[in-house]
Amino acid sequence: MWFVLGALVAAACIFLWRWAKSNNKILSWLDWLLALMVTGGVLMTFETVVGSIAEGEPRAAGLSFLLLGGVTIVLAILLWRRITGTGRKAQKAGLSQ
Amino acid sequence: MSDKGISRRNFIKSAVVAAGVAGAVPAATLADKSMALAAADNKVYSKRKLPWWVKEVDEPTMEIDLSKVERFNGGHTAFALPFHLGKAKADEIQATYDRLVAEAIRENRPGYKLKDRILYEAGWTVNRQGTTNKGLYSWTPIRVVTPEKLGVDKYQATPEEAARDIKAAARAYGAATVGITELKEQFIYSEADGKKFMFEDVDQPYETEEKRVIPKKCKYVIAMTVQMSLDNLATAPAATAGGTVTTAYSRAGFLVGTLAEFIRGLGYVAIPSVNDVGPSVPFALYAGLGEVGRFNRLITPEYGPMVRVVKVITDLPMALDKPIDFGVMNFCKTCKKCAEACPSGALSMDTEPSWEPKGKWSAPGKKTWYEDAVKCLEYWRTGALSGCSICFAVCPYSKKDRTAMHTFVKATAATTTTFNAVFSNMDDAFGYGAQKDPDKWWDLDLAEYGVDSTRGHKDA
């Protein structure tokens, strides 16, 4: 499982870096921090869900997916709105291009 | 600077955060695996490496007033139903038990079918190869050749080296965790099976028609745990759950029997004991194998309560371990899952532990949540029809270790009491402790004994 998690982290970093480069985006430290939290959230959700299923605890897996996954999705939306400039605060602050 | 991308200062900030997060995961994992230290620096590591969230303390978290602990009559435990309830009532319970067991088998009730029943019964096989000072539990050599017979000097080592060697041997013979403490005579039964346990200034243990004698020079107790399978326990109170209990007792018998022979082979006295010479939990508590929880069983940092506890008494001088604290006593004050789940109502729902025993089946002198053990035993005979074990199964510390979330919860509970109620409620909400289908247990592809023997050890 650790190999899969490592691959997921690497893929997320490469994707973000390439996406920012190809779209000529400049990311602030807060964007990177959020990206890190989203990546951490995905990893934690994945690890907990897969682990709970392996333990034979489907209810724990489902609730972990909802709770951890939910928080991660909120963070991901926040990050997306910041780096695409669709967020109101992001537009006001001019943090993205 | 932000409009030109990330600044150096900000980059460093981010890097520190990233390094912290990246470092926390493997660090916590390694700590939880009870990383054994490398012996390259020639230091003797007699102590097991505990997870970082487990603290060594001077006294057990369950308060014990040794001046009030009197030696308990082993014939008065809850198993002595005729003593506590009278012979007529005990006979009636036994007759009900025999009838219900047969009925359940005939009705093919899930968890109580013939195969389930025999899984439970056959699990005892090795354990029952003897009793106190007989067979596997002999107090004198069974077949090992002693240094005296070989004409060589007996084993000589520093207490630290001896502790290390004994712990390694114990693990090789099937111990999950091992701790060493001094022999407190208060915890040895005053008598059992009509014979008194005595301490005398003699070289070897011996037994007569009236007494069993432990040499006074035997000042050390090696306390050990044997893992039970959560996959079995999760089917509690069915007989499939009892299957792991009885099998663990047999493994315990093998463990104490072989370790005692090992010690005798080194030239020292060894008295193996499961629950016969005295209860094992007090020694495990002092030896730092765990804490005692609401249902009065040992709860370990590695396996929760999913263990049986055994011991070997010896005169081999060894370095002692200390009791541990990882927040169990405080957690149990908030979490009453075991008491709520107990079908017999035997477990205390009080928030605070007490010094007052609930009956003659409990020894006084400790501040705990005393149970109505006879009520518990009655349910074993007339409801569960085996060893019940629901309290073991529902305990929030009974978990497999396939996700780091369990370590996170245990570490947090060990550090602060703030989230104990949340954790207890979440445990329920997440469905932990719900009874699993005993019929499906037979379809599982489990490891030997249904346990993960690599848990808690690095060099596995």
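The values are calculated or read from the model by the stated rules, or taken from the named source; none is laboratory data. All values reported here derive from a predicted model rather than from experimental measurement. A quick note on method: Cβ atoms are made from the backbone with ideal geometry, for glycine too, and the neighbour counts reach across all protein chains shown.
Just to be sure before I move on: is residue A:20 of a type outside the set (Ser, Thr, Tyr), surrounded by 13 or more Cβ atoms within 10 Å (Cβ to Cβ) and modelled with pLDDT of 85 or more in the structure I sent?
No: the conditions fail for residue A:20.
Of these, B:375, B:400, B:358, which one is buried (at least 16 other Cβ atoms within 10 Å of the Cβ), out of contact with any Phe, Trp or Tyr (no Cβ under 8 Å at 6 or more places or on another chain) and in a loop (DSSP other than H, G, I, E, B)?
One residue alone meets the criteria, B:400.
Which residues, counting only those in the stretch B:428-460, are out of contact with any Asp or Glu (no Cβ under 8 Å at 6 or more places or on another chain), of a type in the set (Lys, Arg) and under 30 Å from residue B:48 (Cβ atoms)?
Once the filter is applied, which keeps residues that are out of contact with any Asp or Glu (no Cβ under 8 Å at 6 or more places or on another chain), of a type in the set (Lys, Arg) and under 30 Å from residue B:48 (Cβ atoms), the stretch B:428-460 yields only B:458.
I need the full set of residues from the stretch B:381-396 which are more than 14 Å from chain A (Cβ to nearest Cβ) and either under 19 Å from residue B:229 (Cβ atoms) or not in a helix (DSSP H, G or I) (or both), in order please.
The answer is B:384, B:385, B:386, B:387, B:388, B:389, B:390, B:391, B:392, B:395.
Looking only at the stretch B:102-109, decide whether some residue is more than 29 Å from residue B:188 (Cα to Cα) and touching a residue at least 60 places away in the same chain (Cβ under 8 Å).
yes
Within the stretch B:408-425, identify whether any single residue is free of Cβ contacts under 8 Å to residues at least 40 places away in the same chain, outside any helix (DSSP H, G or I), away from every other protein chain (no Cβ under 14 Å) and within 18 Å of the chain's Cα centre (by Cα), and answer yes or no.
no
Does the stretch B:153-187 hold any residues that are more than 30 Å from residue B:449 (Cα to Cα), aliphatic (A, V, I, L, M) and touching a residue at least 24 places away in the same chain (Cβ under 8 Å), and which are they?
B:183
Which numbered condition trips up residue A:47, out of (1) within 9 Å of chain B (Cβ to nearest Cβ); (2) more than 24 Å from residue B:440 (Cα to Cα); (3) surrounded by fewer than 16 Cβ atoms within 10 Å (Cβ to Cβ)?
(3)
Considering only residues that are hydroxyl-bearing (Ser, Thr, Tyr) and farther than 16 Å from residue B:74 by Cβ, which ones fall in the stretch B:345-365?
Listed by number, the residues that qualify are B:348, B:351, B:354.
Condition (residue is polar (S, T, N, Q) and within 13 Å of chain A (Cβ to nearest Cβ)) applied to the stretch B:362-376: is it met by at least one residue?
No, there is no match, as no residue in the stretch B:362-376 is polar (S, T, N, Q) and within 13 Å of chain A (Cβ to nearest Cβ).
Conditions tested, residue by residue: (1) of a type outside the set (Phe, Trp, Tyr); (2) in a loop (DSSP other than H, G, I, E, B); (3) modelled with pLDDT of 95 or more.
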{"position": "B:226", "(1), (2), (3)": "yes, no, yes"}
{"position": "B:236", "(1), (2), (3)": "yes, yes, yes"}
{"position": "B:244", "(1), (2), (3)": "yes, no, yes"}
{"position": "B:249", "(1), (2), (3)": "no, no, yes"}
{"position": "B:254", "(1), (2), (3)": "no, no, yes"}
{"position": "B:263", "(1), (2), (3)": "yes, no, yes"}
{"position": "B:285", "(1), (2), (3)": "yes, no, yes"}
{"position": "B:289", "(1), (2), (3)": "yes, yes, yes"}
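Kindly check whether there is at least one residue in the stretch B:265-285 that is within 16 Å of the chain's Cα centre (by Cα), over 26 Å from residue B:149 (Cα atoms) and within 14 Å of chain A (Cβ to nearest Cβ).
There is no residue in the stretch B:265-285 that is within 16 Å of the chain's Cα centre (by Cα), over 26 Å from residue B:149 (Cα atoms) and within 14 Å of chain A (Cβ to nearest Cβ).
Quick check on residue A:30: is it surrounded by 15 or more Cβ atoms within 10 Å (Cβ to Cβ) and within 11 Å of another protein chain (Cβ to nearest Cβ)?
Answer is yes for this residue.
Give just the number: which of (1) surrounded by fewer than 18 Cβ atoms within 10 Å (Cβ to Cβ); (2) in contact with an Asp or Glu (Cβ under 9 Å, 6 or more places away or on another chain) does residue B:163 not satisfy?
Against the list (1) surrounded by fewer than 18 Cβ atoms within 10 Å (Cβ to Cβ); (2) in contact with an Asp or Glu (Cβ under 9 Å, 6 or more places away or on another chain), residue B:163 comes up short only on (1).
Run down B:258, B:244 and say which single residue is closer than 19 Å to residue B:173 by Cα, among the polar types (S, T, N, Q) and surrounded by fewer than 24 Cβ atoms within 10 Å (Cβ to Cβ).
Of B:258, B:244, the one residue that is closer than 19 Å to residue B:173 by Cα, among the polar types (S, T, N, Q) and surrounded by fewer than 24 Cβ atoms within 10 Å (Cβ to Cβ) is B:258.
Is there any pair with a first residue in the stretch B:193-209 that is surrounded by 14 or more Cβ atoms within 10 Å (Cβ to Cβ) and a second that is of a type in the set (Phe, Trp, Tyr) and part of a loop (DSSP other than H, G, I, E, B) whose Cβ atoms are under 8 Å apart and which are 6 or more apart or on different chains, and what are they?
B:197/B:189; B:205/B:139; B:206/B:139; B:207/B:139
Find the residue count for the stretch A:63-76, including only residues that are of a type in the set (Gly, Ala, Ser) and facing chain B (nearest Cβ under 9 Å).
Within the stretch A:63-76, residues that are of a type in the set (Gly, Ala, Ser) and facing chain B (nearest Cβ under 9 Å) number 1.
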